[in-house]
Structure formats: structure tokens, C-alpha cells
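A.B. asks: Here you go, one structure.
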Amino acid sequence: MPVELLGKSTGELREYFASLGERPFRAAQLYHALYAERRFEFSAMTNMPAALRERLASAEGGRISPPHIVRRFPSMDGSIRYLFSIGGESAKPAQIEAVFMPREGRQTICISTQAGCAVDCHFCLTAQLGLIRNLTAGEIVGQVLVALEENREQLAPQTNVVLMGQGEPLLNYDATMTAVRILLDPKGVALAPRHVTLSTSGIVPGIERLGQEKIRPSLAISLNASSDEQRNTLMPINRKYPLEVLLDACRKYPLRSREYFTFEYVLLGGVNDTPEDARRVVRLLARLRAKVNLIPWNPGNLPYQPPTPQSIEEFQRILVDKGVPTFVRYSRGQDVFAACGQLALMETPSPFVALQ
Ligand code: SF4
């Protein structure tokens, strides 16, 4: 049975080549071809001799299975939403999503770490899928590689990756961190740590573990509420890790110099968007080096209302006046099912033109 090589570290590739009786330095060559050059066919890995490439491609060798693009949904704003299929022969088949968002001088790629999610945030469509399964490191890093390769003609110099698609990354810790190490490795995908952001719903043991990592991404926390009562309703995970426990873990987290927490706050009209909410958020974040992203809710399939422009402005003003850097972010690709889980939930054919 061929061994899946996508997602393997240099050490794992060294063991793999040793099992074939090949020299250890081949591991670095394959690693470079996979992650730095984004070669998914052995025949294209011209940094290795032809005989070895043939051996790797044979039945006793290895295989490279990047996520398969089922559909592309190009948005009016230039972003492209991908519906990928993963799994098959050796793993449970599933569909996941990623989004490629080009901007002046950079692209941001939002990727999934699980198929579906068990966390059950009430404003999230992925929650309705439940957890289908954890992704492997190869399936996680593969989304970035495929999105970059797909858009190679128009790539800007800087790439940002956000782990904010389907799933809770800290509940698939090992595979997520293996993928992140490859993304941040100067010999791998070579992204800067400040350009890779892991977003969590607030899994405290995972935050504590991440703080011990030598190589780690930036951390974003999905806050979305100004009190335990409100957060218990919107994000039931808050009953397990209430605000005080979560913020205490943040206070103990070993931020590096010039590193900030990002707190994401989805503004739901009439639910969590009042001036009193803003003042409570200021108090919650008082002893933290933090910035806040306000994300106005988009009308969709869930029973929430968007905030008014006045409430967005007022909320931001209260935070900024108290010294909390606060930005309003509008989710991109709104015309192509921007909320995570939306594509995978669709059972009917899309009204949008899919470029296959
Ligand atoms: S918002 Fe994130 S953590 Fe919450 S249910 Fe959706 S995918 Fe899971």
C-alpha cells in the first residue's frame, strides 16, 4: 500500500526513505519539492533522479493526495471559495472549504482543520454539520498549497493563512500543529509566524499547550459576547471554559514582544451590540495586549439580524476611546456563501456559476 507523503515532516520523510533503503538526504529533496515548489507529481520533482521518482510512483512507493477541487465559486470581490473533497481510499470521504482572498500586496487563505465541527456555536453553519472527522496534517497544509498553485499567475509577495474555516483547530491539535510547522518552516512553505493565525472558540487546554510551543502561529479568540450569560447562549463551549477561565489563560499566555491577541467579535443586531456590551468588552480585555475585530453579521440562514451602521460605529468608538485597537471587518465573498459550512451544507445545486 503506498504511503501518503503530503503532511509529513522532514523527520518522517527520513524514516520513510530509510524504510525504502534510500539515503536520508532524499527527505530534504522531497520536502522541498512538496512544500516549497508545490509539486504533487513525482515525475515533476526534478531535484531527484528519474529512477527514484519512478520507484516513488510505483505501487510500493508513496502517494501525494492534495484536496480535490469539487467546485470553485469566484466572488465579485475577487475572492475564490473552494469546495474540496478529501479522503477516499484510506480515510472517510468528506467535503471542506477554503477561501482565497487577494488584496493589494498579499493574499489571505482561510482553511479548515476539521470536516464539520462539534463546538456548536449558534451563529455558525458548520455547527449544523456536527463533527464529521479531523483532517490530517496533509489535508490541512494541502488546502494552502492547492490554493497557491491554483492562483500562481497572480500571487502577491505576501501570503497570510487563517485557520478559521470549518472546525476548531485546538480540538485537532497534533495534525494542526504539524501543518502549521510546515507552513512556518523556512524550508517548507516559509510563511512568517505573524502571517499565520489560528482562531479558537476558547479551548483553554489547547491555548495553554500552544503557549508552550517554540514555533507557533498568532492566536485569535472568538469572543462574541460581553458576559458569561450571553456567551453561554451563543457559544455553549463557554459553560466548560467561562470567560474568567479563558481570559486568565490569555493573561498567562507568553506573548512575544509586539505580539497581540486578536479577539473576534461577531456583532449580532440587538443581541450583543449595545454600548453597554462595548463597555463590558473593554473591562474584560483590560489587562491584555489585545486588538478587536468587529465582524458585522450578514443576513443569512440563521435567525440573527445585522447590526445598524450606528451601533457598529458606536461600539468601535467606545473601544478605541479606551485604548483598545478595534477594526471593523466585513467578511469577504459574501455573494458566494461566505459563512463557513455554508457550501458543505448545500444540498441543492448552486445558483452561482461554478468553474470546474
Ligand atoms: S464558529 Fe468555529 S468553533 Fe464554532 S461551531 Fe463554527 S467552526 Fe466550530
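A.B. asks: Any residue in the range 27-50 that is surrounded by fewer than 20 Cβ atoms within 10 Å (Cβ to Cβ), touching a Ser or Thr at 6+ places or on another chain (Cβ under 7 Å) and more than 18 Å from residue 188 (Cα to Cα)?
C.D. replies: Scanning the range 27-50, I find no residue that is surrounded by fewer than 20 Cβ atoms within 10 Å (Cβ to Cβ), touching a Ser or Thr at 6+ places or on another chain (Cβ under 7 Å) and more than 18 Å from residue 188 (Cα to Cα), so the answer is no.
A.B. asks: Going through the range 244-260 one residue at a time, which ones are buried (at least 20 other Cβ atoms within 10 Å of the Cβ) and either within 16 Å of the ligand (Cβ to nearest atom) or aromatic (Phe, Trp, Tyr) (or both)?
C.D. replies: Scanning the range 244-260 gives a single hit, 246.
A.B. asks: What are the pairs with Cβ atoms under 8 angstrom where one residue, in the range 254-283, is closer than 21 Å to residue 162 by Cα and the other, located anywhere, is among the acidic types (Asp, Glu)? Sequence gap at least six, or different chains.
C.D. replies: Going by the 8 Å Cβ cut-off, the qualifying pairs are 267/273.
A.B. asks: So which of 119, 180 ends up being within 17 Å of residue 196 (Cβ to Cβ) and hydrophobic (A, V, I, L, M, F, W, C)?
C.D. replies: On the way: 119 fails: within 17 Å of residue 196 (Cβ to Cβ).
Answer to the selection: 180.
A.B. asks: Find the helices (runs of 4 or more DSSP H) located wholly in the range 169-252 whose residues include 1 or more that are touching a strand residue (DSSP E or B) at 6+ places or on another chain (Cβ under 8 Å), and list them.
C.D. replies: Working: elements: 173-184, 204-211, 228-234, 237-240, 243-252.
By residue number, 173-184, 204-211, 243-252.
A.B. asks: Taking the criterion of being surrounded by 15 or more Cβ atoms within 10 Å (Cβ to Cβ), among the polar types (S, T, N, Q) and within 19 Å of residue 171 (Cβ to Cβ), would at least one residue in the range 273-284 satisfy it?
C.D. replies: Checking the range 273-284: not a single residue is surrounded by 15 or more Cβ atoms within 10 Å (Cβ to Cβ), among the polar types (S, T, N, Q) and within 19 Å of residue 171 (Cβ to Cβ).
A.B. asks: Which of the numbered conditions does residue 85 fail, given that it passes all the others? Conditions: (1) surrounded by fewer than 24 Cβ atoms within 10 Å (Cβ to Cβ); (2) within 11 Å of the ligand (Cβ to nearest atom); (3) small (Gly, Ala, Ser); (4) at negative phi.
C.D. replies: (2)
A.B. asks: Give the range 48-65 a look and list any residue that's out of contact with any Lys or Arg (no Cβ under 9 Å at 6 or more places or on another chain) and assigned to a loop (DSSP other than H, G, I, E, B), or say none.
C.D. replies: Across the range 48-65, the qualifying residues are 49, 58, 59, 60, 65.
A.B. asks: From 303, 307, 296, 236, grab the single residue that is surrounded by 15 or more Cβ atoms within 10 Å (Cβ to Cβ) and under 20 Å from residue 119 (Cα atoms). Write out each step before concluding.
C.D. replies: Numbers: 303 fails: surrounded by 15 or more Cβ atoms within 10 Å (Cβ to Cβ); 307 fails: under 20 Å from residue 119 (Cα atoms); 296 fails: under 20 Å from residue 119 (Cα atoms).
Checking each option against the conditions leaves just 236.
A.B. asks: Pick out the one residue from 65, 79 that is touching an Asp or Glu at 6+ places or on another chain (Cβ under 7 Å), in contact (Cβ under 8 Å) with a residue 12 or more places away in the chain and surrounded by 14 or more Cβ atoms within 10 Å (Cβ to Cβ). Even if it seems obvious, please write down each step before you answer.
C.D. replies: Details: 79 fails: touching an Asp or Glu at 6+ places or on another chain (Cβ under 7 Å).
Result of the check over 65, 79: 65.
A.B. asks: For the range 205-222, enumerate the residues that are surrounded by 19 or more Cβ atoms within 10 Å (Cβ to Cβ) and either over 20 Å from residue 148 (Cβ atoms) or in contact with a Cys (Cβ under 8 Å, 6 or more places away or on another chain) (or both).
C.D. replies: Going residue by residue through the range 205-222, those that are surrounded by 19 or more Cβ atoms within 10 Å (Cβ to Cβ) are 206-207, 210, 216-222.
Correct list: 206, 207, 210, 216, 219, 220, 221, 222.
A.B. asks: Return the total of residues in the range 163-198 being within 16 Å of the ligand (Cβ to nearest atom), surrounded by fewer than 22 Cβ atoms within 10 Å (Cβ to Cβ), of a type in the set (Ser, Thr, Tyr) and in contact (Cβ under 8 Å) with a residue 40 or more places away in the chain.
C.D. replies: Qualifying residue count, the range 163-198: 1.
A.B. asks: Would you point out the residue of the range 121-145, among those that are assigned to a loop (DSSP other than H, G, I, E, B) and either out of contact with any strand residue (DSSP E or B) (no Cβ under 8 Å at 6 or more places or on another chain) or within 18 Å of residue 83 (Cβ to Cβ) (or both), that is modelled with the highest pLDDT?
C.D. replies: Step one: of the range 121-145, the residues assigned to a loop (DSSP other than H, G, I, E, B) are 121-125, 130, 135-136.
Pick out the ones that are also either out of contact with any strand residue (DSSP E or B) (no Cβ under 8 Å at 6 or more places or on another chain) or within 18 Å of residue 83 (Cβ to Cβ) (or both) and you get 122, 124-125, 135.
On the way: 122: 90, 124: 88, 125: 85, 135: 97.
Step by step, filter the range 121-145, then rank; the result is 135.
A.B. asks: Another question, if that's okay. Filter the range 302-356 down to residues that are modelled with pLDDT of 55 or more and aromatic (Phe, Trp, Tyr) and give me whichever is nearest to residue 164 (Cα to Cα).
C.D. replies: 330
A.B. asks: Quick check: is even one residue across the range 100-120 more than 16 Å from the ligand (Cβ to nearest atom), more than 22 Å from residue 68 (Cα to Cα) and not in a strand (DSSP E or B)? Give the derivation first.
C.D. replies: The first filter runs over the range 100-120 and keeps only residues more than 16 Å from the ligand (Cβ to nearest atom), leaving 100-109.
Within this subset, residues satisfying the condition of being more than 22 Å from residue 68 (Cα to Cα) are 103-106.
Narrowing the set further to residues that are not in a strand (DSSP E or B) leaves 104-105.
Checking the range 100-120: at least one residue is more than 16 Å from the ligand (Cβ to nearest atom), more than 22 Å from residue 68 (Cα to Cα) and not in a strand (DSSP E or B).
A.B. asks: Condition check: surrounded by fewer than 22 Cβ atoms within 10 Å (Cβ to Cβ), touching a residue at least 24 places away in the same chain (Cβ under 8 Å) and more than 16 Å from the ligand (Cβ to nearest atom). Does residue 133 satisfy that? Can you show your working first?
C.D. replies: Details: surrounded by fewer than 22 Cβ atoms within 10 Å (Cβ to Cβ): yes; touching a residue at least 24 places away in the same chain (Cβ under 8 Å): yes; more than 16 Å from the ligand (Cβ to nearest atom): no.
For residue 133, the condition - surrounded by fewer than 22 Cβ atoms within 10 Å (Cβ to Cβ), touching a residue at least 24 places away in the same chain (Cβ under 8 Å) and more than 16 Å from the ligand (Cβ to nearest atom) - is not met.
The values are calculated or read from the model by the stated rules, or taken from the named source; none is laboratory data. Being a predicted model, the structure only gives us computed values, none of them experimental. Glycine also receives a Cβ, built like all others from the backbone with ideal geometry; neighbour counts cover every protein chain displayed.
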